[in-house]
Structures are given as structure tokens and as C-alpha cells.
Amino acid sequence: MVRYVLRRVVYMLITLFIIATLSFFLMKMLPGSPLNAEDKLSEEQKQIVLEKYGLNDPVPVQYVNYLAGLVKGDLGISFAFSNTPVTDILMDRIGPSAQLGAQALVVGTILGVLLGLIAAVFHNGFLDYTSTIIAVIGTSIPNFVFAGILQYFFASELQWFPVALWGDFKHTVLPTMALMIFPMATAARFVRTEMVEVMGSNYIKTARAKGIGEVGIVFKHGLRNALIPLITVIGPMAVSLMTGSMVIEQIFAIPGIGEQFVNSVIMNDYPTIMGTTLLFAALFVAIILIIDLLYGLIDPRIRIGGNNS
Amino acid sequence: MSKLLEVKDLRVSFHTYNGEVQAVRGVNFHVNKGETLAIVGESGSGKSVTTSAIMGLLPKPQAEIKSGQILFEGEDLVKKSNKEMQKIRGADISMVFQDPMTSLNPTMKVGNQIMEGLIKHQGLSRTEARKKAVELLDQVGIPHPEVRINQYPHQFSGGMRQRVVIAIALACNPKLLIADEPTTALDVTIQAQILELMKDIQKQTESAIIFITHDLGVVANVADRVAVMYAGKIVEMGTVDDIFYDPRHPYTWGLLGSMPTLDSEEEELYAIPGSPPDMLNPPKGDAFAPRNKFALEIDLVKEPPMFQISDTHYAATWLLHEHAPKIEPPASVKKRMEGFAKTGGKA
């Protein structure tokens with residue numbers, strides 16, 4: 001088990017190295033320079049700035065310098081934000097995004113699993129159709145539509161929650177709700193399909209033949225088996241939620257990393273683009289590892305390094 | 001011998017998009033305490049539906065018991081609520097299913113799956129149930145039960161899994177064990193082991209067994225009495241000797257004739273022509289008549305009643321009517337019957 005995790009960590013580092021390399025050269029191929037926007041600088045001043053940030057060196061030299069910094073955990077200094085180190089910017093910005101993403105993921109998944117469960121248990125009944133309709137709406141309508149509706153009813157009309165901005169927990173409620181619709185709908189769809197299949201399987205028949213009550217059958221025998229495929233979709237969804245939704249962050253004026261990413265691309269802020277990309281990639285591979293370990297926890301058949309005595 | 005279970009005129013229908021499928025059409029039989037009744041028949045003859053009805057596990061809302069009684073120790077199971085049936089299932093009546101590869105929960109330890117019933121029906125504590133589960137695994141011939149109890153089904157082979165399924169069924173000392181083709185999905189050598197195990201267990205626990213199968217070799221091996229089912233009805237019923245040495249229904253002849261044996265000299269294996277009737281529109285008269293070369297004219301018009309041949313032997317065919325022409329079983333089947341007589345029923 002420990003060896004497996006260590007090996008996976010090595011693979012993760014190799015993956016990150018490849019991503020760093022690719023995105024570094026891709027970024028260099030982008031037209032323009034970070035200074036285009038600032039027209040007030042003279043040619044001489046521009047040269048001084050370029051020299052200072054090492055942008056006049058040949059690209060391979062820049063690459064080696066960047067990697068050298070990266071190994072030390074130094075992501076460089078942002079061009080756009082008054083000499084702030086990129087790590088500080090990311091630390092600052094990831095907080096709100098991760099909090100919103102995590103809240104949306106947890107609430108959305110739990111509600112989705114419940115919805116799917118209800119739909120499966122009352123298969124082809126009224127509750128099933130209701131939950132299926134909710135799921136279809138949730139997957140097909142983009143979340144910014146919900147964001148607008150939520151803002152209108154709960155902020156503008158009812159005034160229960162603030163319209164936008166970042167502050168205490170109250171500020172997180174509406175964006176969380178907007179973000180949560182998609183994971184909820186996805187989880188509901190997966191759990192329903194899987195649960196219907198599981199409830200028709202032979203081991204459920206065995207459990208019934210043992211005289212187990214319906215509640216025990218659904219929760220003890222059914223749910224766990226129905227959750228296995230859900231984990232597969234939750235992983236990538238978790239990453240995309242935690243790394244921030246640019247649109248939702250714009251609508252609710254949240255100082256998250258999604259918004260930051262867009263701005264840094266517009267401004268050709270190379271170190272910030274690189275830093276954000278690497279952060280997303282690192283989160284992604286880390287979550288995939290966690291998911292793989294979770295599989296084993298839920299499904300003993302794929303337990304890693306198991307003791308097959 | 002006293003009757004443990006008596007099924008009277010059981011009729012079960014399935015409601016489908018195409019209409020009502022009459023899966024079981026008036027089945028009568030009984031099972032005595034401690035005996036083994038084999039129910040034999042083709043796929044779709046209603047064997048499994050009959051046993052699902054006994055267990056109260058017919059799929060709802062598609063299936064419906066149209067009429068009949070299932071008397072278990074004198075109480076009618078048809079009238080019981082699902083809650084009441086939950087107390088009976090796994091405790092007094094339990095079931096072994098066909099496919100051991102899928103009938104165990106893959107995400108639950110084998111021990112827990114055995115303990116569940118004990119905790120539910122006998123009110124044992126977890127420690128007591130665990131002790132009993134180890135004993136059960138030992139009883140069904142699983143080595144190192146105290147280690148195996150903590151393993152998951154995927155760590156067991158097919159035969160071993162079926163032993164676990166049997167252990168689950170036996171957990172609460174059921175009075176009636178229903179085995180729905182318990183050996184069909186297993187290798188031949190493992191089949192023999194499982195059959196031996198079931199016979200041993202019956203000797204120890206004295207529970208009655210309903211053994212569903214389409215394998216007549218298995219029937220000869222385990223059963224005391226045999227019911228032959230065709231198209232949702234029992235067409236012939238008798239002791240193993242009655243059925244193997246003196247079969248009377250042409251369908252039973254067909255089944256016996258189509259059984260491969262090692263020393264069969266015929267080049268071709270006999271097969272019953274045609275296919276089972278469509279139970280959406282059951283045929284008029286005898287359902288087997290269209291496939292029966294011995295069919296009489298009356299078979300196409302009127303369903304034959306059960307004729308009694310001896311105290312234990314009954315068959316539903318007009319050939320047994322006093323005015324019917326005397327028809328002998330086909331020569332190949334006759335040879336089989338003589339063969340069975342020599343080997344004591346073993347195919």
C-alpha cells in the first residue's frame with residue numbers, strides 16, 4: 001500500500017514536469033508580451049523591465065531558470081500585480097474557490113445521492129419522474145442561469161442573502177447553490193441508474209431471501225454497490241469545482257482563482273499563468289490518486305496491495 | 001409423514017405490455033417433513049415462479065397470485081403481509097440460488113452476510129452470530145473458517161461461494177430449503193460435491209428440500225419424489241422410482257429420452273421437437289399436445305385431469321384414460337428405463 005502510494009506520487013511528479021514543460025513553451029509561443037498593455041513606458045524602460053525579469057534570455061535558458069525555481073517551490077514573481085510572488089497570489093485566491101467548490105461538491109453529492117436513491121426505490125413512480133426531471137434540468141441548464149435566478153429571488157426580492165461579494169458564510173450560500181446544481185444532477189442520474197440495476201441483482205434477492213427488511217436492503221446492500229461508478233465522475237468534477245468557476249466567480253464578484261486565471265491570461269502574466277496551470281494540474285493528479293484509493297475503500301475487489309491470504 | 005408445505009391450485013400471472021402471461025396454471029403438490037422433492041422441467045415451465053411465490057419474492061407489481069393457497073405448517077403464506085414474510089424468510093424457509101458468482105454481495109464480508117440472518121431472526125449478539133457463522137462455514141466444508149469469515153466473495157471460487165450461499169440459507173435451521181438449480185452454474189466435479197453436501201446437511205438438519213433442476217441426473221441422485229412441470233402445470237408426479245422406472249407422461253418420456261448417457265448406443269440424442277408454448281396464449285387442451293407424437297384427438301380439445309396410477313404416482317395425460325389406446329413408451333426410452341433399473345437410477 002505504502003509502496004503503491006509512493007509509486008503513484010513519483011508518477012504524479014513526472015506528470016507535473018511534462019505539464020510544466022508543455023505549458024511553458026506553449027505560453028512562449030503566445031503572441032505579445034506582458035508589457036503591451038502599458039503604453040506609458042518608453043522603449044528604454046521596457047528593455048530594463050524585460051532584462052529584470054529575464055525575458056531577454058533565450059527561451060531554453062528561461063526554461064531552465066524556471067524549472068530551477070520550481071524545484072525550490074518558487075513560482076516566480078507576478079508581472080501584473082506589483083511585484084507579488086505568484087505563490088502568494090495563488091494562496092490568496094485559492095481559498096474562496098476551494099471553499100465554494102468543496103461546499104458545492106459535498107452538498108450537491110449528498111442531495112444527488114438522495115434524489116437518485118428515492119428515484120430508484122420508487123422506480124417508475126411519481127417521485128422517480130420528479131427526480132429525473134430535476135436531474136435533467138440540472139445537467140442541461142448552465143449554472144450561470146441558476147446564478148441569475150438565485151440572485152433575483154433570494155438576494156434582490158427576498159433579501160435573504162447578499163447579491164455578491166466575498167465576506168462571511170452568508171456570501172457563500174448563493175454561489176454554492178448555483179455551483180451545486182450540476183454535481184447534484186449528475187450524482188442523481190448515476191445513482192438512480194446504478195441503483196435500479198443493483199436492486200435487480202441476485203445478491204439483493206439473496207438478501208431478501210434472508211428476510212432482511214427493505215431499509216436494510218437499500219442502505220446496507222444496495223447503496224454501497226451503487227456508489228462505485230459515482231466515484232469515477234466525482235473526481236474530475238471535484239477538481240473543476242475546487243479550481244473555481246470563472247463564470248460564477250465573475251457573477252458573484254468573488255476573488256477566486258478562476259477569475260484570477262482569466263485576468264492573468266489577458267495580461268500575459270506568464271508566471272501567474274504557469275503557477276495557476278501547475279496548481280490545477282497538481283490538484284487534479286492528487287484528486288485522481290485519492291479517488292483511486294477511495295475505490296478500494298468502497299469496493300474490496302479492487303483493494304490495492306490487498307492481503308489475498 | 002406429515003405435510004410441511006402444501007401448495008393448492010396455485011396460479012401466478014405476470015402482467016406485461018403484451019398482456020397476461022400465465023406462468024403457473026394451477027399447481028398442486030406437497031412436501032413432507034425431511035424429504036426432498038425435485039421439480040423438473042424446461043426453462044419457462046414455471047418452476048422458479050412457483051418457488052418465488054412460496055418465498056413471497058415474486059416481482060411486484062408485475063406478478064400476481066391469481067388464486068390458490070400455499071400452506072406452510074397449516075398457515076397460508078399467500079395471505080401474509082411482506083412484514084410477516086420477512087420473519088419467515090431466512091428463518092423457516094430459505095433459499096439457495098442458481099448462480100453463486102452473483103448471489104453474494106461483493107462489497108460485504110462473507111461473515112457479515114451469514115451473520116445478518118442470525119442477528120435478525122435469532123436475536124444473537126454479533127459475537128454469538130460470529131461464532132455460529134464460523135461453525136456454519138465449517139459445516140459446509142470451507143477450510144480455515146475463522147480466516148475465511150473476514151474475506152470478501154471475490155476471494156472464493158465458484159464452488160466455495162455456493163457453499164457460502166448454502167451456509168447463509170442454513171443459518172437459522174430452516175424447516176424448508178428451496179434450492180433453485182444450485183449446481184447448474186458449477187463444474188461437474190464441483191456439482192457432485194455440492195450435491196453430496198446438501199444430502200449430508202439434510203441428514204443432519206432434517207430439513208425438507210425443494211430441489212429445482214432440469215438435470216435428471218441430479219434428480220436421481222438427490223430426490224425422494226419428483227414433480228415434472230410443463231407449461232405452468234405439474235404433468236407427472238411420483239417417487240423417483242415411479243418416474244425413472246415407470247414414467248407415464250409422454251413429456252417425461254421425452255425428458256428421459258433426451259438425457260445423454262455414457263453407454264448410449266444410439267447415434268443421435270433424442271430431443272423433444274418444437275418449443276414450449278407461449279404462455280401469453282396458452283393452447284387449448286393439453287399444452288404438450290403440439291409436441292407430442294402420441295397426442296390423441298381429445299388432447300387438442302380438453303385438458304387431461306390427473307390420473308392416479310398408484311398411491312404415490314400421478315400423471316396428467318389422456319393416455320391413462322380407460323378408453324385410450326394402449327401406448328408403450330418409445331423403444332429408446334424403454335431401454336433407458338431398463339438401464340436405470342440396472343444402475344439404480346444413476347445415469
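The values are calculated or read from the model by the stated rules, or taken from the named source; none is laboratory data. Being a predicted model, the structure only gives us computed values, none of them experimental. Neighbour counts run over all protein chains shown; Cβ positions are idealised from the backbone, glycine included. Remember, those area values only see protein heavy atoms, side chains included, never the ligands or the DNA or RNA. Shrake-Rupley method; radii C 1.70, N 1.55, O 1.52, S 1.80 Å.
Structure summary
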quantity	calculated
Förster-model FRET efficiency, 45 Å R0, A:Asp74 and A:Thr130, C-beta, rounded to 0.05	0.25
Environment charge at B:Gly34 (Cβ cut-off 10 Å; Lys +1, Arg +1, Asp -1, Glu -1)	0
Listed residue (B:Ser43, B:Val240, A:Ala20) projecting farthest to the positive dipole end of the protein assembly as shown, Cβ model	B:Val240
Surrounding net charge for A:Glu194, when Lys and Arg each add one and Asp and Glu each subtract one, Cβ distance under 15 Å	0
Where A:Trp160, A:Trp166, B:Trp318 fall by accessible area, highest first, once all protein chains stay in place (1.4 Å)	A:Trp160, A:Trp166, B:Trp318
Area buried, chain B against chain A - accessible surface, total, 1.4 angstrom probe, square angstrom	2100
Dipole axis of chain B (+1 Lys, Arg; -1 Asp, Glu on Cβ), positive-most option in B:Met229, B:Gln308, B:His321	B:Met229
Additional length obtainable on full extension of the chain from A:Ala253 to A:Arg224, 0.36 nm per residue less Cα span	6.5 nm
Accessible-area value, A:Leu55, 1.4 Å probe, nucleic acids and ligands omitted, Å²	40
Built amide H within the under 5 Å cut-off of B:Asn32, gap 5+	B:Leu4
Spatial separation of Cα centroids for the stretch A:53-121 and the stretch B:13-45, in angstrom	64
Equivalent ellipsoid semi-axes, chain B, via Cα gyration tensor eigenvalues times 5, rooted, Å	36, 24, 18
DSSP bridge orientation in the protein assembly as shown - percent antiparallel, rounded to nearest 5	65
For the stretch A:215-305, the spread of Cα positions along each principal axis, largest first, Å	56, 33, 14
Helix-only mean residue ellipticity at 222 nm for chain B, each DSSP H run of n ≥ 4 adding -39500 (n - 2.57), per residue, nearest 500	-9500 deg cm²/dmol
A:Arg189 accessible area, assembled protein chains, probe 1.4 Å, Å²	110
Listed residues A:Gly213, A:Gly101, A:Gly222, most fluctuating in chain A (Gaussian network, C-alpha, under 10 Å)	A:Gly213
Calculated over the stretch A:89-302: convex hull of Cα atoms, volume per residue (Å³)	132
Computed magnitude of the charge dipole of the protein assembly as shown (debye, nearest 20; Cβ of K, R +1, Cβ of D, E -1)	1140
Directionally averaged shadow of the stretch B:46-137, computed from the convex hull of its alpha-carbon atoms, nm²	7.5
Ratio Rg/Rh [Cα only; Rh per Kirkwood] for the stretch B:228-343	0.96
Quarter of Cα convex hull surface for the stretch A:68-121, i.e. mean projection, nm²	5.8
Calculated FRET efficiency for the pair A:Phe17/B:Gln193, C-beta based, R₀ 51 Å, to 0.05	0.35
Interface residues, the stretch A:199-223 - accessible area loss of 30 Å² or more versus chain alone, probe 1.4 Å	A:Asn202, A:Tyr203, A:Lys205, A:Thr206, A:Arg208, A:Ala209, A:Lys210, A:Gly211, A:Ile212, A:Lys220, A:His221
Largest-first ordering by accessible area, 1.4 Å probe, given options A:Met246, A:Met195, A:Met177	A:Met246, A:Met177, A:Met195
Förster-model FRET efficiency, 56 Å R0, B:Ala331 and A:Ile302, C-beta, rounded to 0.05	0.45
Residue pairs, from the table B:Lys3/B:Lys83; B:Lys3/B:Lys66; B:Lys80/B:Lys132; B:Lys87/B:Lys199; A:Lys220/B:Lys83, whose Cα atoms sit over 20 Å apart	B:Lys3/B:Lys83; B:Lys3/B:Lys66; B:Lys80/B:Lys132; B:Lys87/B:Lys199
Net charge over other residues, Cβ less than 13 angstrom from the Cβ of B:Ser81 (K, R count +1; D, E count -1)	+2
Long-range amide H partners of A:Ile77 with built H, under 5 Å	A:Val86
P(r) tail fraction, the stretch A:1-117 - alpha-carbon pairs more than 23 Å apart, %	55
Cα principal axis extents for the stretch B:57-96, largest first, Å	26, 21, 20
B:Asp224 accessible area, 1.4 Å probe, all protein chains in place, Å² to nearest 10	70
Computed label-point distance, nm, for sites B:His144 and A:Lys46 using a 7 Å Cα→Cβ extension	7.6
Carbon + sulfur, % of accessible area of the stretch A:63-153 - ligands and nucleic acids excluded, 1.4 Å	74
Label point distance in nm, A:Val265-A:Glu214, each placed 7 Å from Cα along Cα→Cβ	5.0
Probe 1.4 Å, accessible area per residue of the protein assembly as shown, Å²	48
Using distinct alpha-carbon pairs, which all enter the 1/r mean, Kirkwood radius of the stretch B:147-304 in Å	18.2
Lys/Arg +1, Asp/Glu -1 at C-beta; the stretch A:114-271 dipole; positive extreme among A:Leu115, A:Gly200, A:Ala178	A:Gly200
Where B:Arg25, A:Arg192 fall by accessible area, highest first, once all protein chains stay in place (1.4 Å)	A:Arg192, B:Arg25
Equivalent-ellipsoid semi-axes of the protein assembly as shown, from the Cα gyration tensor, Å, largest first	70, 27, 24
Once the Cα gyration tensor of the stretch B:158-250 is diagonalised, semi-axes √(5λ) in Å	24, 15, 12
Cα-based Rg / Dmax (Å) for the stretch A:2-71	17.1, 57
More than 19 angstrom apart: percent of Cα pairs within the stretch B:1-81	35
